[in-house]
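Laboratory data are not the source of any read-out in this text; all were calculated from the coordinates shown. Keep in mind that this is a model prediction, so the values were computed, not measured. Here the Cβ positions follow ideal geometry from the backbone for every residue, glycine too, while neighbour counts run over all protein chains shown.
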Amino acid sequence: MTRYHPLEFPPDFLWGAATASHQNEGNNRNNDFWAWEHLPGKIVDGSISGLATDWWDAERGRAEADFDRAEAMGLKTMRLSVEWSRVQPAPNRRDEAAIDRYRQLLLALHQRGIRPMVTLHHFTNPLWLAEQGGWLDDDVVGKFVDYANYVVQKLGDLCDLWCTINEPMVYAYVSHLRGEWSPGAKSFGQTFRVAAAMAQAHVAAAQAIHQFQPQAGVGLVKNIPVFDPARPRHPLDRLVTGWQDRLFNQRILDAVYKGHAKFPLAAKAANPAPGHDDFIGINYYGPHSVRFDLREPFTLFGKNVAPPQAEMWDAPWADRQIDPAGLRRAIKRMAAYGKPVYITENGLADPADTRRPRFLLTHLAAVQRAIAAGADVRGYYYWTFVDNYEWVEGWTTPFGLIALNPETQARTPRKSAALYRDLIAANAITPEIVEQYAPEAIAEIFEA
């Protein structure tokens, strides 16, 4: 063990955790996902979000108690989102009481020495917007910018890191092509129209935020899966892999960072002026090994398969690989745009917490090596702090460093919480930490 040297992080590295409003606050009754989860057969376990992690009720103070736990763990930052449907419950009405609650939450983080990062759109839309067509509405960009302006003017004194939109391509794909989220559409045309609108909304919102708060850091959060052909020499595998990467990754990156991208079947090209982003947010959950399959039109005839000897997630995501090297590749790709990077989400659903320690250590080792190679990675946000309501998977996929019983709201820190605490305290991956929490990974981590 003594022959290994610690993998050290920069002195000002931000260690954090990521959360989202609908998944944590509870009783978000005025958005489209609340309506969706109440429809029969839409959620894997038939559950509803209910209280979620009960962060909204100020009297019970469960958010503040979790912030105490975050402080004790040593967190330097926490990512959370503002719920559009709370702030603007009707097209022409804004709720000052909701803004006051968000101010309480942000103040509570500051009082504990935790820097907030705030996301303005994390998958959910107000019911009134959904009734007007959601992200297909002709004026959705203007509506989103108005909402973003209002939130930043009300909360900007308490936050200087803003994520405009979380995973626009995931939202467009799952809601408008797979039909698994509201509105349940299965249309290529709608999918790319939504993606184009979200690209335009991001750039317009970034411009608006900077006009009000010039010193703020503003960025888009993009899920970056790494696509590889399952059979590298097979021409059809290579073809569909390229299709998937261009349409899921490159088109929206071109729109946001280069100012040009034509989305197939979209009404018009997304041509926002680039240059207003201050950072790039990377969400990474694993690579895709793509095999040509005529039975998969919704994924452009490419099926995600398990390579031989690959380590895979548990059900319901048993087709998802665990591959820390993919995170380093994603960082390298995004760092090439010349902007600072935050890992805004990275995590594993692991109720027994037997795999998460190694997952954390190996992925953080990939981050550290990317930094050592020259990438400007400013922070890492583990998904998530406390088990939360995981969209259509309901309560079946616990990601939390802290376990939650949603019926009693009881919290139980997992071993991974202690591991994360020790990593933050050391600001490094040390041989002693690996030996304590995941000794089987010591060679993988230090000899990579």
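A few comments on the model shown:
- Taking the chain as a Gaussian network of alpha-carbon nodes connected by springs under 10 Å, the highest mean-square fluctuation of the residues 166, 27, 92 belongs to 92.
- Across region 151-230, C-alpha contacts under 8 Å between residues 6 or more apart give a mean separation that, scaled by the residue count, equals a relative contact order of 40 percent.
- Mean-position separation - Cα centroids, region 168-244 and region 49-123, in angstrom: 26
- Tensor-based shape of region 174-248 (alpha-carbon gyration tensor, a/c under 1.5 rounded, otherwise prolate or oblate): oblate
- FRET efficiency for residue 92 and residue 309, using Cβ-Cβ distance with R0 set to 45 Å, rounded to 0.05: 0.20
- Ascending count of other beta-carbon atoms within 10 Å, so fewest first, for 376, 54: 376, 54
- Value of [θ]222 nm, deg cm²/dmol, for the chain, DSSP H segments ≥ 4, -39500 (n - 2.57) each, nearest 500: -11000 deg cm²/dmol
- Computed from backbone phi with θ = phi - 60° and the Karplus coefficients 6.51, -1.76 and 1.60, the 3J(HN,Hα) list for region 253-263 is 5, 5, 5, 7, 9, 10, x, 7, 5, 9, 8 Hz; x is used for glycine and proline.
- Residues with amide H under 5 Å from that of residue 377, placed H, sequence gap 5 or more: 341
- Subset of 42/186; 258/303; 143/186; 143/339; 42/222; 222/262 violating a 20 Å alpha-carbon distance limit: 258/303; 143/186; 143/339; 42/222
- Gyration tensor verdict on region 329-371 (Cα atoms; rounded if a/c is under 1.5, prolate if a/b is larger than b/c, oblate otherwise): prolate
- Built amide H within the under 5 Å cut-off of residue 227, gap 5+: 288
- Zone residues, region 381-424, relative to residue 435, backbone N less than 18 Å from point 7 Å out along Cα-to-Cβ: 419, 422-423
- Within-11-Å neighbourhood charge of residue 292 [Cβ basis; K, R +1; D, E -1]: +2
- The chain shape via C-alpha gyration tensor axes, a/c threshold 1.5: rounded
- Inter-centroid distance (Cα atoms) of region 346-372 relative to region 1-21, Å: 11
- Comparing 227, 33, 298 in a Gaussian network model of the chain (Cα springs below 10 Å), the most mobile by mean-square fluctuation is 298.
- The charge dipole of the chain, taken about the Cα centre with unit charges on the Cβ atoms of Lys, Arg (+1) and Asp, Glu (-1), comes to about 1180 debye, rounded to the nearest 20.
- When 234, 202 are arranged by Cβ crowding within 10 Å, least crowded first, meaning fewest neighbours, the order is 234, 202.
- GNM flexibility winner over the chain from 418, 318, 196 (Cα, springs under 10 Å): 318
- Excluding exposed DSSP-loop GluC sites (Glu not before Pro) (at most 16 other C-beta within 10 Å), longest clean stretch of the chain: 181-310
- With contacts taken as Cα pairs under 8 Å and at least 6 residues apart, the chain reaches a relative contact order of 18 percent.
- 5 angstrom amide H check on residue 292, placed H, neighbours 5+ away: 237, 303
- The stretch between residue 408 and residue 207, if pulled fully straight at 0.36 nm per residue, gains 68.0 nm over its current Cα-Cα span.
- Neighbourhood net charge (12 Å Cβ-Cβ; Lys/Arg +1, Asp/Glu -1) for residue 43: -4
- Kirkwood Rh in Å, taken over region 336-448 so that all alpha-carbon pairs contribute: 15.1
- Gained length - residue 3 relative to residue 139, 0.36 nm times residue gap less alpha-carbon distance: 42.9 nm
- A simple count of charges around residue 185, restricted to other residues whose Cβ falls under 13 Å of its Cβ and scoring Lys, Arg +1 and Asp, Glu -1, yields +1.
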